[in-house]
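**Q** The structure under discussion is supplied below as structure tokens; questions concerning it will follow.
Derivation of every value follows stated rules applied to the coordinates shown; laboratory data play no part. Everything quoted here is computed from the prediction, not taken from an experiment.
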Amino acid sequence: MTTPSPLTQDELKTLVGQAALRYIVPGDIVGVGTGSTVNKFIDALAGIKDQIRAAVSSSVASTQRLQALGITVLDANEVEQLSVYVDGADEIDGSGHMVKGGGAALTREKIVASLAQRFVCIADESKRVATLGRFPLPVEVIPMAAQHIARRFAALGGQATLRLQDGQPLVTDNGQHILDVTGLTITDPLALESAINQWPGVVTVGIFAHQKATVCLLGTAHGVETLTY
Ligand code: 5RP
């Protein structure tokens, strides 16, 4: 008898993307995140597009994918509240606190998440951590403040690096830059998120503790685990 080969990371992303459909409220507007896992969710959502009113998207990339699949995308200003926001994460801890922004979409992700009653995080098992901080912390910054903010992270023991794309500073959908900060052990995500939010020039810090997940659909070797917080 042959042992079945373990699912690939891509297959796990597909599984959790499909599993998120069960949180969609028929007739509602759906909040949609950004990233390779969310792309699987968008593909699955296209299969039930007649059952939703529209989507609110957290990035130009997700908007383009949604529209290409025939899903109407509304501006966040047109919406007062969403029942659900579905997004991936770079890390998630045992309380549903996350680090996000690996795809540089953290600011719009936090905005759309804040409109939603429920944040459904979809992730493969590699994203689960005991303590946040292994993944470099993304921080969207106003370019003129980047060096000052980097020095503030250095005072906390972190090393901030400007994210580049094709040799040039990456420019976000909002026209700003991203610092990626290594060397932080984030033992109190709520307090650190609040503190960094106060630094002049910080647009958004990629700690999602005040805006944490309510549910995580985690793709594991044993199938999709549902974790609630
Ligand atoms: C984008 C994000 C993504 O959710 C995060 O980077 C995870 O992406 P992926 O599903 O590709 O691993 O925060 O800004």
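**Q** Residue-wise, which Karplus ³J(HN,Hα) couplings in Hz belong to segment 39-55, taking 6.51 cos²θ - 1.76 cosθ + 1.60, θ = phi - 60°, and x for glycine or proline?
**A** Each residue of segment 39-55 in turn: 4, 5, 5, 4, 4, 5, 4, 4, x, 10, 4, 6, 8, 10, 7, 5, 10 Hz.
**Q** Once each part is reduced to its C-alpha centroid, what is the distance from segment 110-133 to segment 136-176 in angstrom?
**A** Value for the Cα centre distance between the two parts: 22 Å.
**Q** Just list whichever of Lys40/Lys212; Lys49/Lys127; Lys100/Lys127; Lys49/Lys100; Lys49/Lys212 have alpha carbons separated by over 19 Å in the model shown. Before the final figure, lay out each step's value.
**A** Working: Lys40/Lys212 21 Å; Lys49/Lys127 29 Å; Lys100/Lys127 11 Å; Lys49/Lys100 27 Å; Lys49/Lys212 27 Å.
As for pairs spanning more than 19 Å Cα to Cα, those are Lys40/Lys212; Lys49/Lys127; Lys49/Lys100; Lys49/Lys212.
**Q** If I model segment 137-229 as equal point scatterers sitting on the Cα atoms and use the Debye formula, what is log10 I(q)/I(0) at q = 0.21 Å⁻¹?
**A** Rounded to two decimals, the profile gives -1.00.
**Q** Per the helix-only calculation at 222 nm, which mean residue ellipticity applies to the chain, given -39500 (n - 2.57) for every DSSP H run of n ≥ 4 and division by its residues, nearest 500 deg cm²/dmol?
**A** Using -39500 (n - 2.57) per qualifying helix, the result is -7500 deg cm²/dmol.
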